[in-house]
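Trainee: I have a structure I would like to understand better, so I am pasting it below and will then ask my questions one at a time.
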Amino acid sequence: MSSGTKQHPGVILVTGGGGYVGSHTVVELLNANYAVVAIDNLSNCQVSNGKPESLNRVEKLTGKKVVFYEVDIRNKDELDRIFKMHKISNVIHFAALKSVGESTQIPLSYYENNVGGSNNLFQVMHDNGVKSLVYSSSATVYGIPLALPLTETHPTGQGCTNPYGKTKYFVEEIGKDLCSAYPDWKVVSLRYFNPVGAHPSGIIGEDPSGIPNNLMPYISQVAIGRRDFLRVFGSDYDTKDGTGVRDYIHITDLAIGHLKALEKISSPSFKGFQAFNLGTGRGYSVLEVLKAFEKASGRKVAYKLVDRRPGDIATCYSDANLAKTELNWVAEKDIDEMCRDTWNWQNNNPNGFS
Ligand code: NAD
Ligand code: UDP
């Protein structure tokens with residue numbers, strides 16, 4: 001959309017705006033002429049000039065200023081100050097700790113940050129009359145799939161095996177309770193499958209701190225020479241080649257899903273709580289992703305087949321039809337583009353944002 005397009009009314013508050021999904025969503029919001037205020041406590045960001053480096057780069061990419069405040073969502077007074085300073089119409093809530101493994105070691109920090117922080121945020125929203133929320137949820141709320149593909153009607157919460165997944169589930173439940181208690185509250189929960197890739201410009205992307213837990217950043221660090229080989233966790237699953245199957249989704253498609261959710265939630269007919277899967281509806285095995293990455297990068301990616309990772313499931317992919325019919329959203333980018341854009345980002349930024 002051109003910058004001459006009329007600005008949307010109201011301001012979108014983006015929590016966790018310096019992070020991977022947040023920064024890519026801010027790009028799409030600015031490109032679509034939304035006014036954005038981003039907040040982040042900088043706990044998982046590279047910082048320069050007091051701002052997440054990701055957002056400095058978003059400014060370069062879009063040619064627009066990003067209004068940013070260093071704010072922790074656990075601090076109600078700081079949050080309140082932001083709501084008093086800006087005429088916020090909707091909140092997109094990304095801020096969270098997100099490591100499954102770490103959450104099993106320090107569960108209280110996860111509950112405090114993700115559940116306590118969200119509860120604070122919702123209280124401050126309520127006090128300031130802002131009752132429209134797009135929430136960053138995860139397919140992890142479905143636990144172990146009882147049937148595939150996963151539809152939004154699949155039970156949630158029951159098979160969540162780790163504290164991180166439970167925090168995502170609990171916050172959804174808070175959202176449902178808010179909508180039951182107050183008819184003017186509206187919540188769209190977006191259940192992401194496996195977000196990967198980077199902005200096609202190669203200017204922003206995913207920059208995990210330490211050793212990556214997730215497949216795609218690990219593969220790309222092997223390809224660039226930062227790691228020796230990929231450990232493929234499990235080759236005896238009941239899948240096409242024995243390795244785990246997931247529904248990978250390009251980060252730009254995911255980001256655009258948030259704009260579609262904003263449109264939905266802003267329509268006068270929308271009421272209450274609604275969850276949507278954001279996925280492609282198709283699964284790729286670990287070895288298929290690895291081969292696609294080799295093709296996209298022209299690099300060989302060494303790997304070793306090792307034992308299964310505890311807590312992993314064989315197969316997980318979405319039914320993406322509800323988002324298609326209700327949000328008018330479909331994931332457009334395929335696995336080759338996901339790998340190409342991951343590699344472009346990695347190759348241009350061998351050390352991420354630092
Ligand atoms: P990220 O770590 O890159 O971004 C999260 C941001 O939130 C970080 O910049 C961090 O500094 C900030 N933050 C954390 N706690 C905060 C607090 N108390 N106050 C203010 N800021 C805080 O993670 P991401 O991958 O961009 O994930 C964003 C959201 O998407 C999270 O809610 C995550 O649970 C959800 N999600 C991510 C994935 C994924 O694979 N990336 C999958 C499903 C769901
Ligand atoms: N995986 C792997 N090696 C790694 C990281 C992940 O084989 O170093 C596999 C993992 O077992 C799963 C898939 O890649 O089958 C996706 O894992 P990821 O951690 O990216 O996402 P998850 O679906 O577990 O959230």
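The values are calculated or read from the model by the stated rules, or taken from the named source; none is laboratory data. None of these values were measured; they are calculated from a predicted model. Glycine also receives a Cβ, built like all others from the backbone with ideal geometry; neighbour counts cover every protein chain displayed. Heads up: the accessible areas ignore ligands, DNA and RNA and are worked out on the full protein's heavy atoms, side chains in. Shrake-Rupley method; radii C 1.70, N 1.55, O 1.52, S 1.80 Å.
Trainee: So what's the angle, to the nearest 10 degrees on a 0 to 90 scale, between helix 20-31 and the longest Cα principal axis of the chain?
Mentor: 60 degrees
Trainee: Can you give me the angle between helix 53-62 and the longest principal axis of the chain, using Cα atoms only, in degrees from 0 to 90, rounded to the nearest 10?
Mentor: 80 degrees
Trainee: For region 81-167, give the percent of accessible area contributed by carbon and sulfur heavy atoms, probe 1.4 Å, rounded to a whole number.
Mentor: Solvent-exposed carbon and sulfur of region 81-167 make up 54 percent of the total.
Trainee: Along the charge dipole of region 283-333, Cβ charges K/R +1 and D/E -1, which of Ser318, Gly298, Ser285 sits furthest on the positive end?
Mentor: Gly298
Trainee: If each residue of separation counts as 0.36 nm, what is the full-extension length gain between Asn347 and Lys87 once their alpha-carbon separation is subtracted?
Mentor: On the way: separation 260, 0.36 × 260 = 93.60 nm, distance 4.02 nm.
Going from the current span to full extension adds 89.6 nm.
Trainee: Restricting to Cα pairs below 8 Å that are 6+ residues apart, what does the relative contact order work out to for the chain? Please round to a whole percent.
Mentor: 18 percent
Trainee: Considering the options Ser235, Leu13, Asn162, tell which one lies farthest towards the positive end of the dipole of the chain, charges being +1 on Lys and Arg and -1 on Asp and Glu at the Cβ, about the Cα centre.
Mentor: Leu13
Trainee: A further question on this structure: With labels modelled as points extended 7 Å from the Cα through the Cβ direction, what inter-label distance (nm, one decimal) is found for Leu305 paired with Lys6?
Mentor: 6.1 nm
Trainee: Now, a different point. How much accessible surface area, in Å² rounded to 10, belongs to the heavy atoms of Leu108 with a 1.4 Å probe?
Mentor: Spelled out: Leu108, probe radius 1.4 Å, area about 140 Å².
Trainee: I've got another one for you. Under a Cβ-Cβ cut-off of 12 Å, what is the net charge of the residues other than Ile204 that fall near it, where Lys and Arg count +1 and Asp and Glu count -1?
Mentor: Working: positive: Arg57, Lys60; negative: Glu28, Glu53, Glu59, Glu206, Asp207, Asp341.
Local net charge: -4.
Trainee: Heavy atoms only, probe 1.4 Å: what % of the accessible area of region 251-317 goes to carbon and sulfur, would you let me know?
Mentor: Roughly 53 percent, rounded to a whole number.
Trainee: While we're on this one: Could you rank Leu287, Leu148, Leu262, Leu305 by how accessible they are, 1.4 Å probe, largest area first?
Mentor: Largest to smallest exposure gives the sequence Leu305, Leu148, Leu287, Leu262.
Trainee: Name the long-range amide H neighbours of Thr315: under 5 Å, sequence gap of 5 or more, or other chain; modelled H, no Pro or chain starts.
Mentor: Val245
Trainee: Using Cα centres only, tell me the gap between region 25-90 and region 290-325 in whole Å.
Mentor: Between the Cα centres of region 25-90 and region 290-325 lies a distance of 31 Å.
Trainee: I'd like the accessible area for Ser269, computed on protein heavy atoms only with a 1.4 Å probe and all protein chains in place. Round to 10 Å², please.
Mentor: The accessible area of Ser269 comes to roughly 100 Å².
Trainee: Normalised by the residues of region 210-249, what does the relative contact order come to in percent, with Cα pairs under 8 Å and at least six apart?
Mentor: Reported as a whole number, the value is 20 percent.
Trainee: How long, wide and thick is the chain, going by the Cα atoms along their three principal axes, in whole angstroms, largest first?
Mentor: Taking max minus min along each principal axis of the Cα atoms, the chain gives 54, 43, 39 Å.
Trainee: Please give the per residue accessible area of the chain, computed with a probe of 1.4 Å over protein heavy atoms only, in Å².
Mentor: 43 Å²
Trainee: Describe numerically, in nm with one decimal, the distance between label points set 7 Å from Cα along Cα→Cβ at Asp77 and at Asn214.
Mentor: 3.6 nm
Trainee: Please calculate the 1.4 Å probe accessible area of Ile313, with all protein chains present, and give it to the nearest 10 Å².
Mentor: 40 Å²
Trainee: Order of 127-134, 272-279 by packing, highest average Cβ count within 10 Å first?
Mentor: Ranked from most to least packed, the peptides come out as 272-279, 127-134.
Trainee: May I pose another question? Report, in degrees rounded to the nearest 10, the 0 to 90 angle that the Cα long axis of helix 117-127 makes with the longest principal axis of the chain.
Mentor: Once rounded, one gets 20 degrees.
Trainee: Taking amide H atoms as placed 1.01 Å from N in the peptide plane, list the residues 5 or more away in sequence, or in a different chain, whose amide H sits under 5 Å from that of Leu230.
Mentor: Under 5 Å from the amide H of Leu230 lie the amide H atoms of Ala302, Tyr303, Lys304, each far enough along the sequence or on another chain.
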